[in-house]
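The values are calculated or read from the model by the stated rules, or taken from the named source; none is laboratory data. Everything numeric in this text was worked out from a predicted model, so none of it was measured. Every residue, glycine among them, receives a Cβ derived from its backbone with ideal geometry; neighbour counts consider all protein chains shown. Just the protein is used for accessible areas: all its heavy atoms, side chains included, with ligands, DNA and RNA removed. Shrake-Rupley method; radii C 1.70, N 1.55, O 1.52, S 1.80 Å.
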Amino acid sequence: MIPGSFAYHRPKSVAEAVGLLADLGEEARPLAGGHSLIPMMKLRLASPEHLIDLAGIGDLKGIRADGGDVVIGAMTTQHELCGSELLAAKIPILRETSQVIADPQVRYLGTLGGNVANGDPGNDMPAVMLCLGATYHLTGKGGERRVAAREFYQGAYFTALEPGEILTAVRIPVPPIGHGYAYEKLKRKVGDYATAAAAVVLTVSRGQVAACSIGLTNVSETPLWAEEAGKLLVGSTLDAATVKKAVAAAEAITSPASDARGPAHYRTKMAGVMVARALARARTRAGA
Ligand SMILES: Cc1cc2nc3c(=O)[nH]c(=O)nc-3n(C[C@H](O)[C@H](O)[C@H](O)COP(=O)(O)OP(=O)(O)OC[C@H]3O[C@@H](n4cnc5c(N)ncnc54)[C@H](O)[C@@H]3O)c2cc1C
């Protein structure tokens, strides 16, 4: 329960942070809220020799509108996402999702950047980012590049982040006014990771689904974008038969582990149940 020894660094700018990461090499890790990394260090599943604390970098904080997008700094906490009026007005699924992450103590420190950069399939925000079509801003010594969230996740704890890079911000296109949304999460108790969860964002025009995007949490080694399931619903009235087909399409792309949250086939079925519930709630909110 006691982490190995490490040196602590507190850069004041992104340039200083990526400089430190480049100079210190593989044994250095960024530290954000510490609510995934420190437990891993205590279990000796991670033993970085250098921690580069991003908390002193003001540029990594904040939520702002930028044209048709909202840009959220990586060090913005989950608590700040819950309290943002801008997000409540423009992308309310982010508040809904933040509210079911862990408990208030974790949310006070846990950051959006840490949640999406970690690569833990149990984290809630990545599937929501796939659903929303978000883009991640990554900065290394060579400059900034942008990677679609849908291309970022490559395996459990394995992402498109290159050594020496930090995620500085998440850019999210604002869904159309009047869109429906829902994040449905099955968990064993308050504060738990998902047994299965589903994010839905959809728009409805003249009673028919005009667009629909679905993300799935913790039912594979990576978060999943259920592209086919979303496509099946376009043009429908969300009638029972079409929803059933979409649920089956979403279940078909899952490959959960059997673990303390249940056997694999149960978790796959629960993913389908979460999709159906999220579709129903999103539909109500879209005023369909
Ligand atoms: C009891 C408990 C329950 C929890 N339940 C949930 C839950 O239900 N749902 C959920 O989603 N999460 C849950 N979490 C995890 C929590 O949300 C974490 O805070 C979050 O996943 C990681 O964010 P962090 O800021 O703490 O990152 P850290 O722990 O500091 O970092 C996590 C990893 O990401 C890397 N990293 C962090 N920031 C960056 C960056 N900007 N650029 C590049 N790499 C970076 C770090 O090097 C590290 O490898 C839980 C945690 C605890 C302790």
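Overview of values
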| read-out | value |
| --- | --- |
| Out of 65, 88, sole residue that is without any contact (Cβ under 8 Å) to a residue 24 or more places away in the chain, surrounded by fewer than 20 Cβ atoms within 10 Å (Cβ to Cβ), closer than 16 Å to residue 172 by Cα and touching a helix residue (DSSP H, G or I) at 6+ places or on another chain (Cβ under 7 Å) | 88 |
| Residues (near the ligand (Cβ under 10 Å from one of its atoms), within 23 Å of residue 183 (Cβ to Cβ) and open to solvent by less than 20 Å² (accessible area, probe 1.4 Å)) located in segment 129-158 | 136 |
| Cβ-Cβ under 8 Å pairs, at least 6 apart or on other chains, segment 171-182 side within 15 Å of residue 66 (Cβ to Cβ) and open to solvent by 20 Å² or more (accessible area, probe 1.4 Å), far side modelled with pLDDT under 95 and among the hydroxyl-bearing types (Ser, Thr, Tyr) | none |
| Odd one out for residue 253, checked against (1) in contact (Cβ under 8 Å) with a residue 40 or more places away in the chain; (2) in contact with a strand residue (DSSP E or B) (Cβ under 6 Å, 6 or more places away or on another chain); (3) of a type outside the set (Phe, Trp, Tyr) | (1) |
| All helices (runs of 4 or more DSSP H) inside segment 1-112 with 1 or more residues being under 20 Å from residue 165 (Cα atoms) | 14-24, 37-42 |
| Selection count where residues are open to solvent by less than 20 Å² (accessible area, probe 1.4 Å) and on the phi > 0 side of the Ramachandran plot, scope segment 222-255 | 1 |
| Condition broken by residue 215, with the remaining ones in (1) assigned to a strand (DSSP E or B); (2) small (Gly, Ala, Ser); (3) closer than 19 Å to residue 263 by Cβ satisfied | (3) |
| Residue within segment 13-24 that is open to solvent by less than 80 Å² (accessible area, probe 1.4 Å) and more than 14 Å from the ligand (Cβ to nearest atom) present | yes |
| Some residue of segment 193-202 being over 30 Å from residue 21 (Cβ atoms) and open to solvent by 10 Å² or more (accessible area, probe 1.4 Å) | yes |
| Residue tally, condition touching a strand residue (DSSP E or B) at 6+ places or on another chain (Cβ under 8 Å), farther than 20 Å from residue 223 by Cβ and part of a loop (DSSP other than H, G, I, E, B), over segment 172-191 | 4 |
| Index of the failed condition, residue 10 passing every other in (1) of a type outside the set (Ser, Thr, Tyr); (2) under 27 Å from residue 144 (Cα atoms); (3) open to solvent by less than 80 Å² (accessible area, probe 1.4 Å) | (3) |
| Matching option when the condition is part of a loop (DSSP other than H, G, I, E, B), more than 7 Å from the ligand (Cβ to nearest atom) and either open to solvent by 10 Å² or more (accessible area, probe 1.4 Å) or out of contact with any Ser or Thr (no Cβ under 6 Å at 6 or more places or on another chain) (or both), among 163, 126 | 163 |
| Residue count for segment 108-120, restricted to those that are under 21 Å from residue 157 (Cα atoms) and either more than 10 Å from the ligand (Cβ to nearest atom) or open to solvent by 20 Å² or more (accessible area, probe 1.4 Å) (or both) | 5 |
| Residues that are within 14 Å of the chain's Cα centre (by Cα) and more than 7 Å from the ligand (Cβ to nearest atom), drawn from segment 78-90 | 81 |
| Which listed residue, of 248, 169, 257, 194, is in a helix (DSSP H, G or I) and either farther than 30 Å from residue 139 by Cβ or within 16 Å of the ligand (Cβ to nearest atom) (or both) | 248 |
| Among the candidates 45, 31, 51, 60, residue that is under 25 Å from residue 192 (Cα atoms), among the aliphatic types (A, V, I, L, M) and open to solvent by less than 30 Å² (accessible area, probe 1.4 Å) | 31 |
